[in-house]
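To start, the structure itself, in structure tokens.
The values are calculated or read from the model by the stated rules, or taken from the named source; none is laboratory data. Source: prediction; values computed, not measured. Positions of Cβ are generated from backbone atoms using ideal geometry, with glycine treated the same way; all protein chains shown enter the neighbour counts.
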Amino acid sequence: MIRNRAQINGIVQGIGFRPFVFNLAKKWKLCGFIRNNSLGVELEVEGDQEAVENFFRELESNPLPLAHIFSIRRETLPPNHYTNFEILASEAYHSKYTFIPPDISICDDCRRELFDPADRRYRYPFINCTNCGPRYTIIKDVPYDRAKTSMVVFEMCPECSREYGDPQDRRFHAQPNACPECGPTVELFDADQRKIIVEDAIAETTRLLRKGAIVAVKGLGGFHLAVDAENDDAVNRLRQKKFREEKPFALMAAEIEKIRKFAHVSENDQRELSSPRRPIVLLPKKFPNKIANSVAPKNHFFGVMLPYTPLHYLLLESEFLALVMTSGNMTDEPIVIDNSEAFRRLGKIADYFLIHNRDIYLRCDDSIVRTIDKKITLIRRARGFAPEPILLTHKFPQILACGAELKNTICLTKENQAIVSQHIGDLKNEESYQFFLKTIDHLKKLFNISPEIIVHDLHPEYLSTKYALEQNPEKRFAVQHHFAHILSCAAENEIEGAFLGLSFDGTGYGTDGRIWGGEFLLADGADFSRLAHLEYLAMPGGDMAVKEPWRMALSGLYETFNDEFSDLPLKVLLKIPGEKQSIILQMIKKKINSQETSSLGRLFDLVASLLDICQLATYEGQPAIMLEQHAPEKVDDLKIYDYEFHRENGIHIIKSTLLIRQIVKDLSAGLKIEIIAGKFHRTLIEMFTDLTLKLANETEVKKIVLSGGVFQNLKLLTGIMKKLSANGLEVFFHQKVPTNDGGISLGQAEFARRMVEN
Ligand code: ZN
Ligand code: ZN
Ligand code: FE
């Protein structure tokens, strides 16, 4: 017989870790105990030596999906002759080291009870247990106790209290524990805030949705706007009311089998869809399908998620192939969380409101992921992920990184953890800015962090920069946008020493005051040098050139052909009115409001416009997304355009104009735009690989880091990764934070760490 004691540090509280260990101990016939303490849990097991080894092996290899074990410290003690295995009450503690779990989808046990007529929580929309339910979005303060959550207003009935107090029960210390007797309830209202009196508000909602109504549904991290995804009229009506032109709407379907009716689901997609984080997963559309065309027009993908609250399961139980479940907001505003706010802000959009009285304390959008083989990339990191710390090898001082302007997130660090906030959004929107302030305050409180260092983007006009400049930390740093991008990737991959970064992006403020975005940077410590970049092109009208890609096309054509381009037989020149063209041309020639940019994102826009694939970006990145989708699946056997780098002051300049010239030639010759789109992708892959190899040789640096929004393009990403690896370079990409500006805050924090370490 052997007795082991173990201290397990990490995110192991509030996610059903103790019942899991209890069952594991039973399985291996071990006695002892487990209890929460200030660092995680401590446990003792006693029994047959082999069984103890098996117990720990299983504990280490197969923890719960949301357990995040930082360390297990194990010691052997003399036998104590325990007679059973017990879950003991927690040690009393008020520690700064407890970890706040993210919100978790309903677990299988609760789902079974939800649909079990004999269960006392049969069809109760707020059923939860220690393995599942709301966490981050209802917590106001630490320690994580019911009194510090928005559940405080509901007094538990005797039966719920019994469960809550029983260490053997699945609801032991489940802070949001509730039942129909004592917990939150749902109610249905019309747009005039009149309550609809019905026996079953959810069944009535289903009926209304079936008839084509738009219903605002209060969820976990905010409101959704729901419509029947098969009803084209209803989906179009939602688009008009929400002022959302073509950006795809997310779908929710009851089960994987239903999703397979309209989208291709790989094994990896299935794993992500079913994970307790329940993100939206981007899936290739299946044709034909019954989903309304207006759900994701001009796009080859659907964003789909499975239900994650009991309320969702009840809504989707039988009726729908899928529901559109898009964020409850007007385009560009943050998602609505509050009931009265919902009537105010969504009153003109929704016909009905399915609300409840469990307050959402902190907003949290749905996360969006895409699988690449067995790995995932995050497009939006929010519900289910935040505020789980990202573990780092280096010890960090307490830093606040303020993030970028669009797709803002913030990052706080302490010791070897980086806490990256949920997606906050576009700070130019006032409500988003308020959300930014609240999130900073809230995370500082929850994780007990008082930043001594604040770090921000180099862009003087970012609101996150302005915020940083108003604070009075001990130290304050500014970091170049594209350097922060590659540092975020370096941080999550724990890269030591010098590396080459390919930072491919939409826009970011450069050290020369121009707009960067197609950068090859050599990073070393807190310094970088710019080794290569795309040729500068004028961006007439600044942000308007992002919205209207044809402006970039004119800029590229003028740079390539001077005034002679006007005779070219190009659709873009026929489509855009002559007066408009001449105004923009004057701006380019006279350099009026036409900053220069080396952005690869803008080059994609330019080509999308030349090919007449997209002349108006109705959402961020649309031209590039459509260009990628037009290219054939395989581009390997297409011809490569000639490319050229020339050296100016020791920096390699990539000649974009040479590419433009050949694309125009192909267009004039009547080559299919799909083939041109494919050739463009193939050329970028070959050209960037070639240049990277050259730079790797010159610098003798073999580690290559890829980051920036353009790497959301999977053709480009996988093409470059494959080629570089095949040439013996070590290539790193993101898995923990988005490659877009949502990951910037982590890179900024990494920069600050490097600055103080120097
Ligand atoms: Zn549960
Ligand atoms: Zn109860
Ligand atoms: Fe960026």
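If the condition is being farther than 14 Å from Ser488 by Cα and of a type in the set (S, T, N, Q), then the stretch 378-407 contributes only Gln398. Residues in the stretch 89-104 that are farther than 21 Å from Asp169 by Cβ and either within 16 Å of ligand 1 (Cβ to nearest atom) or modelled with pLDDT of 95 or more (or both): Pro102, Asp103. Regarding the stretch 379-386, can at least one residue be identified that is outside any strand (DSSP E or B), over 26 Å from Ser150 (Cβ atoms), in contact (Cβ under 8 Å) with a residue 40 or more places away in the chain and under 13 Å from the mean Cα position of the chain (by Cα)? No, the conditions are met nowhere in the stretch 379-386.
Tallying residues that are assigned to a loop (DSSP other than H, G, I, E, B) and either closer than 22 Å to Lys242 by Cβ or of a type outside the set (Val, Ile, Thr) (or both) within the stretch 291-320 yields 14.
Being buried (at least 17 other Cβ atoms within 10 Å of the Cβ) and within 15 Å of ligand 2 (Cβ to nearest atom) is the filter; apply it to the stretch 139-156 and report the residue that is farthest from His423 (Cα to Cα). So, considering only residues that are buried (at least 17 other Cβ atoms within 10 Å of the Cβ) and within 15 Å of ligand 2 (Cβ to nearest atom), the one farthest from His423 (Cα to Cα) is Met156. Against the numbered list (1) free of Cβ contacts under 8 Å to residues at least 12 places away in the same chain; (2) within 16 Å of ligand 1 (Cβ to nearest atom), Ala118 comes up short only at (2). Scanning the stretch 100-133 for residues that are over 23 Å from Gly40 (Cβ atoms) and within 16 Å of ligand 2 (Cβ to nearest atom) yields Cys110, Glu113, Leu114, Asp119, Arg120, Arg121, Tyr122, Arg123, Tyr124, Pro125, Phe126, Ile127. Within the stretch 1-46, being among the hydrophobic types (A, V, I, L, M, F, W, C), more than 22 Å from Gly133 (Cα to Cα) and touching a residue at least 40 places away in the same chain (Cβ under 8 Å) holds for Met1, Ile2, Ala6, Ile8, Ala25, Leu30, Cys31, Phe33, Ile34, Leu39, Val45. Being modelled with pLDDT of 95 or more and over 30 Å from Ala617 (Cβ atoms) holds for only one residue in Ala178, Ala253, and it is Ala178.
Being at pLDDT 95 or above, closer than 24 Å to Phe528 by Cα, among the aliphatic types (A, V, I, L, M) and within 15 Å of ligand 3 (Cβ to nearest atom) is a description that applies to Val479.
Among the strands (runs of 3 or more DSSP E) confined to the stretch 388-475, the ones with at least 2 residues that are free of Cβ contacts under 8 Å to residues at least 60 places away in the same chain are located at 390-401, 411-420. Looking at (1) farther than 25 Å from Leu693 by Cβ; (2) surrounded by 15 or more Cβ atoms within 10 Å (Cβ to Cβ); (3) out of contact with any Phe, Trp or Tyr (no Cβ under 7 Å at 6 or more places or on another chain), can you tell me which one Pro577 breaks? Single failed check for Pro577: (2). Tallying residues that are in a helix (DSSP H, G or I) and touching a residue at least 40 places away in the same chain (Cβ under 8 Å) within the stretch 566-584 yields 4.
Here Ile410, Ile376, Ile454 are screened, and the one residue that is over 19 Å from the mean Cα position of the chain (by Cα) and surrounded by 20 or more Cβ atoms within 10 Å (Cβ to Cβ) is Ile454. Across the stretch 197-213, a minimum of one residue is classified as of a type in the set (Gly, Ala, Ser) and within 31 Å of the chain's Cα centre (by Cα). Counting only strands (runs of 3 or more DSSP E) wholly contained in the stretch 600-709, the ones carrying 3 or more residues that are surrounded by 17 or more Cβ atoms within 10 Å (Cβ to Cβ) and at pLDDT 95 or above occupy 651-654, 703-707.
Restricting Pro288, Pro334 to residues that are more than 24 Å from Arg207 (Cα to Cα), assigned to a loop (DSSP other than H, G, I, E, B) and without any contact (Cβ under 8 Å) to a residue 40 or more places away in the chain narrows the list to Pro288. The residues of the stretch 138-185 that are hydroxyl-bearing (Ser, Thr, Tyr) and either more than 25 Å from Pro117 (Cα to Cα) or within 16 Å of ligand 1 (Cβ to nearest atom) (or both), listed by number, are Tyr144, Thr149, Ser150, Tyr164. Whenever a residue of the stretch 624-650 is in contact (Cβ under 8 Å) with a residue 60 or more places away in the chain, its partners that are of a type in the set (Val, Ile, Thr) and not in a loop (DSSP other than H, G, I, E, B), lying with C-beta atoms within less than 6 angstrom and at least six residues away or across chains, give the pairs Phe645/Ile654.
Residue-by-condition table, conditions (1) farther than 30 Å from Pro387 by Cβ; (2) within 16 Å of ligand 1 (Cβ to nearest atom); (3) acidic (Asp, Glu):
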{"site": "Arg18", "(1), (2), (3)": "no, yes, no"}
{"site": "Ser38", "(1), (2), (3)": "no, no, no"}
{"site": "Val52", "(1), (2), (3)": "yes, no, no"}
{"site": "Pro65", "(1), (2), (3)": "no, yes, no"}
{"site": "Arg74", "(1), (2), (3)": "no, no, no"}
{"site": "Ile87", "(1), (2), (3)": "no, no, no"}
{"site": "Arg111", "(1), (2), (3)": "no, yes, no"}
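Looking across the stretch 699-735 at every residue that is without any contact (Cβ under 8 Å) to a residue 12 or more places away in the chain and not small (Gly, Ala, Ser), the one that is farthest from ligand 3 (Cβ to nearest atom) is identified as Glu700. Say we look at the stretch 135-157 and pick out the residues that are in a loop (DSSP other than H, G, I, E, B) and among the charged types (D, E, K, R); which of these is modelled with the lowest pLDDT? Of everything passing the filter in the stretch 135-157, Asp145 is modelled with the lowest pLDDT.
Filtering the stretch 243-264 to residues that are part of a loop (DSSP other than H, G, I, E, B) and in contact (Cβ under 8 Å) with a residue 60 or more places away in the chain leaves Phe243, Arg244, Glu245, Glu246, Lys247, Phe249, Ala253, Ala254, Lys261, Phe262. In the set (1) of a type in the set (Ser, Thr, Tyr); (2) closer than 19 Å to Glu388 by Cβ; (3) at pLDDT 95 or above, the condition left unmet by Thr130 is number (3).
When Tyr136 is tested against (1) away from ligand 2 (no atom under 16 Å from the Cβ); (2) without any contact (Cβ under 8 Å) to a residue 40 or more places away in the chain, just one condition goes unmet, and that condition is (2).
Within the stretch 126-141, not a single residue is farther than 17 Å from His356 by Cβ, acidic (Asp, Glu) and in contact with a strand residue (DSSP E or B) (Cβ under 8 Å, 6 or more places away or on another chain).
From the list Val186, Val142, the lone residue that is β-branched (Val, Ile, Thr) and within 18 Å of Leu362 (Cβ to Cβ) is Val142. Residues considered: Arg194, Arg171, Arg111, Arg146. Of these, the only one that is touching a Cys at 6+ places or on another chain (Cβ under 6 Å) and of a type in the set (Lys, Arg) is Arg171. Hey, does the stretch 518-531 have a residue that's small (Gly, Ala, Ser), buried (at least 24 other Cβ atoms within 10 Å of the Cβ) and in contact (Cβ under 8 Å) with a residue 12 or more places away in the chain? Yes, the stretch 518-531 has at least one match.
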